[in-house]
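Heads up: the structure comes next, in structure tokens.
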Amino acid sequence: MTVGVVRDPIFQEHDTGPYHCEVGSRLAAIDEAIVQWEGHGALDMLPLRPASEEELARVHQASHLRRVAGTAGRNTSLDPDTVCSPRSCEVALLAAGSLIGLCDAALSGEVDHGFALVRPPGHHATSTQAMGFCLFNNVAAAAAHLMLKRGLERVLVVDWDVHHGNGTEDIFYSESRVLYFSTHQSPLYPGTGQVGAVGHGSAKGRTINVPLIPGRGDVEQLQAFEHILLPVARQFRPQFILVSAGFDAHREDPLGSMMVSAAGYAALTQRLVEISQEFCPGRVVAALEGGYNQAALGRSVVAVLGALAGQRREDQLMAVASDTETIAEVAKAREVAGRFWDLP
Ligand SMILES: [Zn+2]
């Protein structure tokens with residue numbers, strides 16, 4: 001198995017200043033963990049490329065693209081959390097475009113699965129605005145590319161960042177070709193992602209939110225996958241799986257209050273690889289979102305890369321999840337999803 005990665009020092013050039021948590025050194029920490037990982041020979045570094053205006057215009061309004069372009073060469077901010085440095089726009093274009101390139105490489109079979117280790121992150125960016133450290137919605141742009149340029153009709157987007165991906169949900173709320181599945185802490189920023197938000201029109205049931213109370217960890221996340229995502233995915237039959245891979249649900253993260261471990265992220269990834277083996281072999285592509293304890297971030301990314309490369313180590317964790325009584329939040333989200341999907 002060759003896992004494609006996008007990884008380059010230029011992604012550290014989006015400079016958010018000395019007091020921000022979403023900083024370039026996050027990527028340096030990931031690099032360090034990868035270099036020390038014995039499996040790193042399985043990684044294939046893919047070339048970078050910027051997203052075109054056409055590719056971004058599929059998911060963002062022209063006014064938003066102009067506003068981000070207007071930050072070039074300046075230190076400024078687009079909302080209280082979302083700051084830009086002179087090269088931020090250039091770097092954000094490379095983040096979105098290189099993820100799209102990675103998806104094409106997975107689609108053509110050049111690589112089996114992939115991980116775009118890019119920043120700025122994307123899942124809070126809506127069609128009209130930057131927010132929550134995000135300029136362009138990288139994963140949404142990739143999903144739109146897969147549908148509109150490559151003709152796919154069923155794209156699964158899994159978002160396990162501790163924050164709800166309000167931007168991705170918003171962009172695809174009426175899009176029946178995208179199944180958006182999110183587990184996130186609630187209450188927490190940005191305050192969206194209620195279990196009753198299910199999609200609109202023909203896309204009803206295509207948004208599945210599993211808000212979890214603080215303190216939930218590996219077992220509860222796996223339950224959400226096991227009892228909701230897996231049976232729904234088997235009916236949806238995805239042709240591609242995109243992952244908004246944030247690691248701020250890690251037990252050591254300073255922004256979240258969840259208890260997920262690096263082994264937990266590996267187990268979640270293994271589940272997605274299993275789904276892909278049934279419906280779309282080699283087509284799980286992750287994009288980095290949050291994750292602010294840098295040591296935990298490095299370990300977690302390596303754990304995900306290992307699972308994408310085919311290491312199977314987390315079966316015991318999954319057995320525990322299957323044997324544990326279903327928590328209330330998962331039961332509730334399953335009941336809601338069961339209005340649109342056959343859940344045994
Ligand atoms: Zn986050």
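Just a few scattered comments:
- Identification of helices (runs of 4 or more DSSP H) wholly contained in the stretch 207-285 with 2 or more residues that are buried (at least 18 other Cβ atoms within 10 Å of the Cβ) and within 16 Å of the ligand (Cβ to nearest atom) yields 262-279.
- Among the conditions (1) under 18 Å from Ala286 (Cβ atoms); (2) within 16 Å of the ligand (Cβ to nearest atom); (3) touching a strand residue (DSSP E or B) at 6+ places or on another chain (Cβ under 9 Å), Asn137 misses just one, which is (3).
- Odd one out for Pro190, checked against (1) more than 16 Å from the ligand (Cβ to nearest atom); (2) under 19 Å from Asp248 (Cβ atoms): (1)
- Of all the listed residues (Ala307, Ala296, Ala303), the sole one being within 16 Å of the ligand (Cβ to nearest atom), over 21 Å from Thr326 (Cα atoms) and not in a loop (DSSP other than H, G, I, E, B) is Ala296.
- Of Pro121, Pro190, all but one fail to be in contact (Cβ under 8 Å) with a residue 12 or more places away in the chain, in a loop (DSSP other than H, G, I, E, B) and surrounded by 23 or more Cβ atoms within 10 Å (Cβ to Cβ); the exception is Pro121.
- Residue that is out of contact with any His (no Cβ under 9 Å at 6 or more places or on another chain), buried (at least 24 other Cβ atoms within 10 Å of the Cβ) and either in a helix (DSSP H, G or I) or not polar (S, T, N, Q) (or both), where the choices are Gly101, Gly167, Gly151, Gly97: Gly97
- Residue within the stretch 46-54 that is touching a strand residue (DSSP E or B) at 6+ places or on another chain (Cβ under 6 Å) and not polar (S, T, N, Q) present: yes
- Filter result (in contact (Cβ under 8 Å) with a residue 60 or more places away in the chain and of a type in the set (Ser, Thr, Tyr)) within the stretch 254-312: Ser257, Tyr265, Ser276, Tyr292
- Candidates Thr71, Thr82, Thr126, Thr76, filtered to the one that is within 23 Å of Leu27 (Cα to Cα), within 16 Å of the ligand (Cβ to nearest atom) and among the β-branched types (Val, Ile, Thr): Thr82
- Options Val35, Val68: the member that is within 29 Å of Thr128 (Cα to Cα) and either buried (at least 19 other Cβ atoms within 10 Å of the Cβ) or of a type in the set (A, V, I, L, M) (or both): Val68
Every read-out reported here was derived from the displayed coordinates using simple, explicitly stated rules and does not represent laboratory data. For clarity, every value in this text was computed on a predicted model and none was experimentally measured. Quick reminder, even Gly has a Cβ in these numbers, built from the backbone with ideal geometry, and neighbours come from all protein chains shown.
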